1. Need the C-alpha centroid separation for the stretch 71-90 versus the stretch 208-226, integer Å.
2. Let me check I've understood the local charge: for L115, count other residues with C-beta under 14 angstrom from its C-beta, Lys and Arg +1, Asp and Glu -1. What total comes out?
3. Which value in deg cm²/dmol, rounded to the nearest 500, describes the helix-derived mean residue ellipticity at 222 nm for the chain, given -39,500 (n - 2.57) per DSSP H run of n ≥ 4 and division by the residue count?
4. Give a quick list of GluC sites (Glu not before Pro) in the stretch 1-72 that DSSP marks as loop, anything other than H, G, I, E or B, with at most 14 other Cβ atoms within 10 Å.
5. Obtain the radius of gyration and the Kirkwood radius of the chain from its C-alpha atoms and give Rg over Rh.
6. With an 8 Å Cα cut-off and a minimum separation of 6 or more residues, compute the relative contact order for the chain in percent.
7. Need one number: nm distance between label points at L5 and R170, each 7 Å from Cα along Cα→Cβ, rounded to one decimal.
8. With label points built 7 Å along Cα→Cβ from the Cα atoms of A205 and R41, find their separation and express it in nm.
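Please treat every number below as a calculation from the coordinates, not as lab data. This one's a predicted model, so the numbers in the text were calculated from it and none came from an experiment. Cβ coordinates were reconstructed from backbone atoms using ideal geometry, including for glycine residues, and neighbour counts include every protein chain displayed.
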Amino acid sequence: MLSELVSQVIGVDTHKEAHTVAVVSSVTGGVSGIESHPASRSGYAGMVEFADGYSDASDRAWAIEGTGSYGAGLTAFLKDRGEWVIEVDRPGRHRDRDRSKSDSLDAVRAARDALGRKQWAQPRAGGEREALRVLLAVRDGAVKDRTRAINQLKGTIVTAPDELRAKLRRADGARLLKACTGLRIRGEQPSEYQATVLAIKRLAARIRRLEAEIRDHERDIAAITGRVCPRLEAQPGLGPLTAAQAYVSWSHHGRCRSEAAFAKLGGAAPIPASSGEVVRFRLNRGGDRQLNRALHTIAITRARYDTRTKEYVARRVAEGKSEREVRRCLKRYIARQIFRILEADARSHQLSLSR
């Protein structure tokens with residue numbers, strides 16, 4: 001238990017401009033002090049000074065909400081100083097019976113939440129992992145914008161004047177973009193026609209810019225995964241994007257205590273759904289959905305192109321499993337394989353540094 005390891009837990013409720021800090025005794029759960037400080041380096045130093053008034057760094061733990069968002073700066077500051085930082089979830093809305101809510105109460109709840117757990121989550125790592133996370137997030141936004149622009153382009157063509165629609169209706173993909181970019185405006189054309197041509201040309205140019213941006217992100221992601229997880233990227237069904245997402249979700253050695261915890265994080269842990277004489281498990285709808293999507297992509301790719309996976313799918317279907325159940329099993333096995341590779345690479349890297 002945490003109370004056996006430290007005497008004080010510092011709960012932090014994080015916000016954009018200021019953080020609220022509460023010192024809670026790990027023995028009694030009582031509140032020793034509460035303060036608010038700016039979300040800046042001087043404010044972080046003030047929080048540490050405030051905590052020093054109740055305990056030293058070796059006898060306390062920090063329970064921080066939002067270590068990957070508003071609390072990222074404070075988390076990095078504390079880890080650089082050798083402080084023990086625990087990641088806690090933001091409390092559910094109106095969780096308490098009296099529906100009380102304030103920054104001070106949330107800071108106290110963060111500390112007590114850490115005290116009530118048997119295992120504690122570590123904040124995610126920075127460095128290469130954070131670089132991949134940023135690139136994946138921005139690429140995902142560019143992909144969504146490209147899809148939105150393509151749909152808007154096709155919708156504009158559907159409602160375009162007949163002459164213009166006839167020029168573009170049979171083109172698709174790269175041919176459509178080339179045809180849209182090559183459209184010309186003549187002075188004798190009606191204003192409706194000219195405006196539609198301008199809109200189509202600008203949409204096509206936007207799509208091309210987004211495609212170039214996506215390629216740049218994917219090139220940068222591939223360069224990083226080639227350095228940090230080359231063995232993972234070489235596995236069947238994995239590419240730079242799925243390997244990067246697996247690495248981002250895994251973060252670092254020790255964050256996931258076991259392969260079962262990693263599978264649960266990725267929403268690939270089996271959930272019993274048996275009834276009567278039927279014994280089965282269903283898909284997990286929780287966990288990190290980005291990691292779950294990566295596992296799903298890997299499973300689908302292997303089921304189509306990997307010989308061993310094809311044989312496994314055929315055998316399990318012959319045993320009476322449905323395709324969804326077989327896919328669930330595949331995702332669980334893939335999660336195990338990914339976790340073992342990442343953990344083994346991390347251990348070998350630590351050994352090489354210690355020599």
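1. Cα centres, the stretch 71-90 to the stretch 208-226: 31 Å.
2. Here the charged neighbours net out to +3.
3. Details: 13 runs with 202 residues, N = 355.
Computed mean residue ellipticity for the chain: -19000 deg cm²/dmol.
4. Details: sites: E4, E17, E35, E49, E65; in loops: E17.
Hits after loop and neighbour filter: E17.
5. Details: Rg = 26.4 Å, Rh = 24.3 Å.
Result for the chain is an Rg/Rh of 1.08.
6. Relative contact order comes out at 12 percent.
7. Taking the two extended label points, one gets 6.9 nm.
8. 4.2 nm
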